[in-house]
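Participant: Next up is a structure, given as structure tokens.
The values are calculated or read from the model by the stated rules, or taken from the named source; none is laboratory data. Everything numeric here is computed off the predicted structure, so don't read it as measured data. Heads up, the Cβs are rebuilt from the backbone with ideal geometry, glycines too, and the neighbour counts pull from every protein chain shown. Accessible surface is based on the protein model in full, side chains and every heavy atom, while ligands, DNA and RNA are left aside. Shrake-Rupley method; radii C 1.70, N 1.55, O 1.52, S 1.80 Å.
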Amino acid sequence: MNATVTEPACAETRPVAESPALSLAINAWFVGNARDLPWRRHDFGAWGVLVSEFMLQQTPVNRVIPRLAEWLERWPTPGDLAAVPPGEAVRAWATLGYPRRALWLHSAAVEITQRHGGVVPSDIDELLALSGIGDYTARAVAAFAYGLRHPVVDTNTRRVIARAVAGQAEPAPPSRTRDLDAMGALLPLPRGDAAIFNAGMMELGAVVCTAKNPRCGDCPIQSSCAWRLAGYPAYSGPRKAVQKKFEGSDRQVRGLIMAELRATHHPVTDAEITGLWPDPAQRDRALAELRATHHPVTDAEITGLWPDPAQRDRALAGLLADGLAVATGPGRYTLPHE
DNA sequence: CACTCGTGGGT
DNA sequence: TACCCAAGAGT
């Protein structure tokens with residue numbers, strides 16, 4: 001690590017890379033140009049950071065911000081979330097996408113409550129043991145919530161390293177050890193500087209060194225960027241797998257069923273209702289009204305969502321297998337309520 | 001490892 | 001219009 005650079009520019013593998021110039025320039029830029037995002041507030045807390053990281057997995061910042069605020073207002077601690085049924089988390093997740101994350105976040109809250117006394121752990125391995133937390137999220141929480149010195153590598157960081165250090169237009173396919181080593185070699189020694197550098201690399205990749213149409217003229221490291229110095233060579237590596245078309249896909253059907261499930265509610269028992277109000281006639285009228293809008297999703301409704309029976313079956317089976325839907329009776333489904 | 005998993009904005 | 005892309009994780 002941190003070997004002193006004694007060779008001039010001809011050492012092709014690492015001329016600029018291990019010089020501290022990169023982190024110095026990026027940190028200076030980040031301090032002056034970082035977006036004012038909620039999870040960067042000093043008092044945001046580890047739970048808030050963890051929730052934000054779950055939401056930010058594959059969902060853009062702008063869509064996360066309002067859901068995150070609602071979420072933390074409703075469930076200010078892991079224990080608050082752990083106390084409600086998982087379906088409530090899925091409903092509050094709304095249209096952020098990939099609703100399994102809501103289920104996993106709920107599970108993580110339960111695990112934090114049970115195993116860690118309701119305190120978000122700071123240890124990488126303990127974080128990795130939580131549901132829905134992988135290499136990126138574990139390190140992000142440790143670094144951003146607790147200020148610990150770990151390399152944090154996301155898709156932005158990988159792209160910045162590929163360009164600025166390796167001189168390539170796009171990063172090679174992700175490789176855990178190689179990516180962590182590459183970032184680890186660039187990471188400043190002081191904890192605080194390391195945390196800023198982790199965030200700064202991500203920020204640079206998010207707002208300047210973007211996947212398409214990078215704004216190289218605004219880049220704080222343009223003068224040392226290996227990609228620029230090489231004349232912006234085009235990417236020549238393996239082609240990234242093209243995302244399958246969403247329109248008409250099983251995924252779209254899942255999404256439609258999920259939207260229906262989010263609009264439903266846990267079936268209330270007669271006993272619960274009896275306890276709410278003394279007058280039976282009034283109870284029945286209120287219940288009839290509720291059933292018109294709040295009821296388990298029925299097979300008939302699902303049939304109306306999509307014409308292809310095979311796709312409907314696959315989508316529903318997938319949701320049941322994932323625990324995003326549960327059967328509450330023959331042909332009746334709701335979000336998980338236990 | 002390749003594949004799957006939502007949703008919506010940008011170009 | 002059809003892609004492309006987005007602070008990944010689990011199987």
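Participant: Of all the C-alpha pairs in chain A, what % are more than 39 Å from each other?
Facilitator: Within chain A, distances greater than 39 Å cover 28 percent of Cα pairs.
Participant: Looking only at A:PRO121, A:PRO174, A:PRO188, which one moves most when chain A is put into a Gaussian network model with springs between Cα atoms under 10 Å?
Facilitator: Ranking A:PRO121, A:PRO174, A:PRO188 by mean-square fluctuation puts A:PRO174 first.
Participant: Leaving out ligands and nucleic acids, note down the accessible area per residue over chain A with a 1.4 angstrom probe, in whole Å².
Facilitator: 54 Å²
Participant: Mind telling me which of A:ARG314, A:ARG67, A:ARG100 comes out most flexible in a GNM of chain A, alpha-carbon contacts under 10 Å?
Facilitator: Maximum among the listed residues: A:ARG314.
Participant: So how do A:TYR146, A:TYR98 rank on accessible area, 1.4 Å probe, biggest first, that is with the largest at the start?
Facilitator: Result of the area sort, largest leading: A:TYR98, A:TYR146.
Participant: With springs only between Cα atoms under 10 Å apart, run a GNM on chain A and tell me which of A:VAL120, A:VAL165, A:VAL49 wobbles the most.
Facilitator: In this elastic network of chain A, the residue with the biggest mean-square fluctuation among A:VAL120, A:VAL165, A:VAL49 is A:VAL165.
Participant: Between A:SER175 and A:ASP250, what is the label-point separation in nm under the 7 Å Cα-to-beta-carbon projection?
Facilitator: 3.2 nm
Participant: Moving to a separate point now. Between A:THR210 and A:ALA327, what is 0.36 nm times their sequence separation minus the Cα-Cα distance? Round to one decimal in nm.
Facilitator: 37.7 nm
Participant: Here's a follow-up. Taking R0 as 45 Å, what FRET efficiency do you get between A:ASP218 and A:HIS295 from their Cβ-Cβ distance, rounded to the nearest 0.05?
Facilitator: That gives a FRET efficiency of 0.25.
Participant: When the helix-only estimate is applied to chain A (DSSP H runs of n ≥ 4, each -39,500 (n - 2.57), divided by the residue count), what is the mean residue ellipticity at 222 nm, nearest 500 deg cm²/dmol?
Facilitator: It comes out at -14500 deg cm²/dmol, rounded to the nearest 500.
Participant: Under 19 Å from the 7 Å Cα→Cβ point of A:ASP36, by amide nitrogen: which residues of the stretch A:55-74?
Facilitator: A:61-70
Participant: Taking θ = phi - 60°, what integer Hz values does the Karplus form 6.51 cos²θ - 1.76 cosθ + 1.60 yield along the stretch A:108-121, in sequence order, with x for Gly and Pro?
Facilitator: Karplus-based 3J(HN,Hα) across the stretch A:108-121 equals 4, 5, 5, 5, 5, 5, 7, 9, 10, x, x, 10, 4, x Hz.
Participant: Here's something else I'd like to know. Roughly speaking, to the nearest percent, how much of the stretch A:38-145's 1.4 Å accessible area is carbon and sulfur?
Facilitator: 51 percent
Participant: If we restrict to alpha carbons, what Rg and Dmax does the stretch A:38-145 come to, in Å?
Facilitator: Considering the stretch A:38-145 through its Cα atoms, Rg and Dmax are 12.3, 33 Å.
Participant: Now, a different point. What FRET efficiency do you get for A:SER236 and A:ASP43 if R0 is 30 Å and r is their Cβ-Cβ distance, rounded to the nearest 0.05?
Facilitator: Between A:SER236 and A:ASP43 the formula returns 0.05.
Participant: Using the Karplus curve 6.51 cos²θ - 1.76 cosθ + 1.60 with θ = phi - 60°, work out ³J(HN,Hα) for each residue of the stretch A:332-338 in order, rounded to whole Hz, and write x for Gly and Pro.
Facilitator: 10, 9, 9, 5, x, 10, 10
Participant: Going by Cα centres, the stretch A:187-217 and the stretch A:135-183 are how many Å apart?
Facilitator: That distance is 10 Å.
Participant: Determine, from the Cβ-Cβ distance of A:LEU229 and A:HIS116 and an R0 of 45 Å, the FRET efficiency 1/(1 + (r/R0)^6), rounded to the nearest 0.05.
Facilitator: The formula returns an efficiency of 0.45 here.
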